[in-house]
Amino acid sequence: MSLPRRTSSGGRPSKEEAEKLGEHILQEALQEFIAKGLDASRMDAIAASAHVSKRTLYARYKSKDELLCATMDYGIAKHIRPVSTLPANGPIRERLEAVAHKFLEASLTAEGRGIQTLLTWLANYRPDLQNKIRAKAVADVTGVMNQILKDGYANGEIAFSDFPAIAKIVFDLLFSLPNYEILRGMGPEYHGSESVSLDKELDFVMAALRTGVVFSTNGR
């Protein structure tokens, strides 16, 4: 990613320029963290890669830990964003399947896998940071499922109304577990998330949602 071009004539950058610069810094930092990990990544190298001074970088982020948290929030949000372009209506089963495939598609890109590798390392060595990053990520991704479930309940398609609790379980069944299985067995024959069948998972989820039977990820 190239450094955003300044459009204002001298003085302080405009709000838009500052936002673009901020995104540019986070994208460069994300690539550095993915390539080298937290321990080996250096603030001066990230500043150089982003073509900003260390002073500018430290003015925005007081420490490498703070920069990492902001970077991971940015990276995860970037991969969630395409889900917002999906149709906001239609049968709940079709919407859940489309969302799950979008999440899988994003998670299986090189950058998506790099983010997951970082989260795994943080879980083992910096759980304080991992918990902070994961809490926001879970809230963001389950929020998408939450809205679909609310719509399904309003339309009379499902019987469940405990949306926050159920959204996390549905997300795990339709994304987290399939994603883990794909990554574990991914080979050169893999042709994208659309080749993954979620029919069994969707049958189970829809049966539970329609009857109002309480279920958990242990029931997969």
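Tell me which residues, restricted to the stretch 161-208, are closer than 22 Å to Asp151 by Cβ, at pLDDT below 85 and surrounded by 15 or more Cβ atoms within 10 Å (Cβ to Cβ). The one that is closer than 22 Å to Asp151 by Cβ, at pLDDT below 85 and surrounded by 15 or more Cβ atoms within 10 Å (Cβ to Cβ): Phe163.
Checked against (1) part of a loop (DSSP other than H, G, I, E, B); (2) touching a Cys at 6+ places or on another chain (Cβ under 8 Å), Leu129 meets all criteria but (1).
Pairing each residue of the stretch 9-38 that is farther than 21 Å from Gln116 by Cβ and without any contact (Cβ under 8 Å) to a residue 24 or more places away in the chain with any residue that is of a type outside the set (Gly, Ala, Ser) and part of a helix (DSSP H, G or I), provided the two are 6+ apart or on different chains, yields C-beta distances under 8 Å for Pro13/Leu21. Of the candidates Leu86, Leu67, Leu26, Leu57, the single residue that is on the phi < 0 side of the Ramachandran plot, modelled with pLDDT under 95 and not hydroxyl-bearing (Ser, Thr, Tyr) is Leu86. Pairing each residue of the stretch 78-94 that is over 17 Å from Asn146 (Cβ atoms) with any residue that is basic (Lys, Arg) and assigned to a helix (DSSP H, G or I), provided the two are 6+ apart or on different chains, yields C-beta distances under 6 Å for Pro82/Lys102. All told, Ile115 falls short of being touching a helix residue (DSSP H, G or I) at 6+ places or on another chain (Cβ under 7 Å), touching a residue at least 24 places away in the same chain (Cβ under 8 Å) and under 21 Å from Gly212 (Cα atoms). Looking only at residues of the stretch 143-160 that are small (Gly, Ala, Ser) and not in a helix (DSSP H, G or I), we find that the one that is modelled with the lowest pLDDT is Ala159. Scanning the stretch 125-142 for residues that are farther than 17 Å from Gly37 by Cα and of a type in the set (Val, Ile, Thr) yields Val138, Val141, Thr142.
The values are calculated or read from the model by the stated rules, or taken from the named source; none is laboratory data. The shown structure was predicted, so the numbers you read here are calculated from the model rather than taken from an experiment. Every residue, glycine as well, gets a Cβ built from its backbone with ideal geometry; the counts of neighbours run over all protein chains shown.
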